[in-house]
Amino acid sequence: MRPYGSAKTLEQRRRRAVALLKSGLTMTEVSHRVGASVASVWRWNRAVKEGGAAALAARPVPGRPRKLQDAECRRLLRLLLKGAMAYGYPNELWTLKRIARVIRREFGVKYHPNHVWRLLRRFRWSCQVPERRPVQRDEEEIAHWKRYKWPHIKKGARTWGPSGLP
């Protein structure tokens with residue numbers, strides 16, 4: 001399993017391990033200090049002996065590159081925080097399809113709506129379902145009903161039970 005940290009951080013860890021080995025520490029001691037297995041420290045040491053210091057350099061991440069760079073994603077998040085109505089939609093609900101359309105218009109990048117979710121999760125956004133409330137809801141009338149009418153209804157209600165039994 002890949003350890004936590006950026007490629008640069010992991011490269012620094014490898015370089016520190018090799019430096020500690022050169023200072024005379026044992027492989028076991030170095031592995032404890034850098035938080036790696038003895039086998040990894042041995043492999044890094046062998047790589048430096050065979051390929052020099054460049055062998056410890058961070059390599060590019062394999063796989064397809066991201067469609068949106070970090071700066072573009074931050075710009076997208078700023079657009080989304082303004083709200084859907086500010087972008088021309090009839091209500092404030094952001095759907096994955098709407099976000100995919102915004103990405104297409106703003107950045108010229110096509111995202112399938114199902115994959116927009118991965119992009120949002122990367123920035124720790126979660127699914128939010130708006131609370132359903134009628135437009136004509138009158139909070140004052142509801143408060144009045146709860147205060148004055150509901151207690152009378154509640155007191156007058158009888159629960160069902162057998163009748164006529166001693």
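What follows draws every value from the coordinates through simple rules; no lab data is involved. Only a predicted model underlies this, so the values are computations on that prediction, with no experimental measurement involved. Glycine gets a Cβ as well: all are built from the backbone with ideal geometry, and neighbour counts include every protein chain shown.
Numbers for the structure displayed
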item	result
Normalised per residue, the volume of the convex hull around the Cα set of the chain (Å³)	320 Å³
Computed FRET value (nearest 0.05) for H144 with R78, which takes r as the C-beta separation and R₀ as 30 Å	0.10
Using alpha-carbon coordinates, inclination of helix 7-22 to the longest axis of the chain, degrees	40 degrees
Expected 222 nm ellipticity per residue - DSSP helices of 4 or more, -39500 (n - 2.57), all of the chain, to 500	-15500 deg cm²/dmol
Inter-part distance where the range 36-77 and the range 2-17 are each reduced to a Cα centre, Å	8 Å
Rounded D (µm²/s) - the range 7-56, Kirkwood Rh over Cα pairs, Stokes-Einstein at 10 °C, 1.306 mPa s	151 µm²/s
Whichever aspartates and glutamates have a C-alpha closer than 17 Å to that of K146, once near sequence neighbours (fewer than 8 apart) are set aside	D138
10 °C / 1.306 mPa s Stokes-Einstein diffusion coefficient of the range 70-122, Kirkwood radius on C-alpha pairs, µm²/s	143 µm²/s
Cα-based helix-to-principal-axis angle, 96-107 vs the chain, degrees rounded to 10	50 degrees
C-alpha long axis of helix 113-122 to longest principal axis of the chain, angle in °	70 degrees
